[in-house]
1. Residue separation times 0.36 nm, minus the C-alpha to C-alpha distance between residue 35 and residue 4: what's the value?
2. Step through the residues of segment 50-55 one at a time and calculate ³J(HN,Hα) from phi using the Karplus curve (6.51 cos²θ - 1.76 cosθ + 1.60, θ = phi - 60°), rounding each to whole Hz and writing x for Gly and Pro.
Amino acid sequence: MGELPAAQRQRLGGGYGLSVYDASVLTSQGRGLGRLFRAGCQGSGDPKAACQLVTNQWLQTPQRTQDRNRPLSRDRGDAGRLAQAA
């Protein structure tokens, strides 16, 4: 069994310094977004910038809103594009 959302929110807040709101947004969108966020943090070295990019841009793209069933994946280049943008 994976990490529960409450534990994930706490870890994102404490481990990455995110606000309760930011951690809640990331966890409410599923585990794939959390993995994407962590990959963005590794690529950029700035958790807040990676979170802002994910919440303000990544979730707002037409592709993402039209293709909600496609899971976020490192294999599809999502993490690489996020790391480059951050």
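Read-outs throughout are calculated quantities, based only on the coordinates presented, and are distinct from any laboratory measurement. Bear in mind that the values here come from a model prediction, so they are computed numbers and not experimental data.
1. On the way: separation 31, 0.36 × 31 = 11.16 nm, distance 1.42 nm.
Result: 9.7 nm gained on full extension.
2. 5, 5, 4, 5, 5, 6
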